[in-house]
1. Arranged from highest to lowest average of other beta-carbon atoms within 10 Å per residue, in what order do the peptides 281-287, 151-157 appear?
2. Using 15 Å as the cut-off for backbone N distance, which residues of region 202-228 belong to the label zone defined by a point 7 Å from the Cα of residue 278 along Cα→Cβ?
3. Specify whether the C-alpha gyration tensor of region 100-244 places it in the rounded, prolate or oblate class, a ≥ b ≥ c being the square roots of the eigenvalues: rounded for a/c under 1.5, otherwise prolate if a/b is larger than b/c and oblate if not.
4. Expressed as a rounded percentage, what relative contact order does the chain have, with Cα pairs under 8 Å and six or more residues apart?
5. Which value results for Rg/Rh of region 63-183 when Rg is the Cα radius of gyration and Rh the Kirkwood radius based on the inverse mean 1/r?
6. Which whole-number value in Å³ per residue fits the convex hull of the alpha carbons of region 228-271?
7. For the residues 149, 206, 212, what sequence is obtained by ranking on other C-beta atoms within 10 Å, fewest first?
8. Averaged over every viewing direction, what's the projected area of the C-alpha convex hull for region 252-306? Give it in nm², one decimal, please.
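Any read-out appearing in this document is the output of simple, stated calculations on the displayed coordinates, not a laboratory observation. Just so it is clear, the structure is predicted and the values come from calculations on it, not from any experiment. All Cβ positions, glycine included, derive from the backbone under ideal geometry; neighbour counts span all protein chains shown.
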């Protein structure tokens, strides 16, 4: 964060304005033409989408994905998990048949460690060696967004900014509503990156997994286990659909949740309609599932206290 704050201070000084009068640039695309387009949920249209800036195409099955990690591996560098909250994994554009694309625009490849490094068609994804995507956000003056991302979009085993770059390059470049062409002639370099990060945060806030589970009596515990059906039922009762639940250690340790949706409008601003997961859960249907407590030194309070 020191780099981000320093960069923004420099930008303010160069422009000769104080922070209190600084007008932050907008990052949304130009979707004026969408007002005259037919209104339909992605994956539910009966005719081809004519303006792909108006609806995620072909990746109209949108996944908001989250992690439950118990440590980060970067605790000594201050990279801690948010207390009483799951963390962001990403926002993915699966095709309507459950397949998906990845690293669709290598001119916007900001992933230092591409995975996969070679695409199915044999294309090599070169490792990114430029400045972190956190500096892109800072250049737009979005310290509010950076602060939220550092609280809730926390990587395990790598710096946060590397993880964010991976998610943008692998997934956002395959989402039509974030195409550079959607921003028109006034496009400012990297505004699509900031726009994507804003959209990820908006989607994450739709699905407060920790609170939904806690309200149903499902809390992290090193002693109690829960059945898959109970966890699924708790989340379906609040979202209207069964999400994907991912478990490790032979299906007995809860680690991930993916919420599937069709979207009315753009991925940035549209209405998300929950649908059942198209991916079978990796959690055991017979054994008890552990939802482990976090290591206390690996998390921090992120809520605003009086």
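1. For the peptides 281-287, 151-157, the packing ranking is 151-157, 281-287.
2. The answer is none, because no backbone nitrogen lies closer than 15 Å to the label point.
3. It is prolate, given that a/c is not under 1.5 and a/b is the larger ratio.
4. 25 percent
5. Result for region 63-183 is an Rg/Rh of 0.97.
6. Roughly 80 Å³ of hull volume per residue.
7. Ranked by crowding around the Cβ, least crowded first: 206, 212, 149.
8. Numbers: hull surface 28.4 nm².
Result: 7.1 nm².
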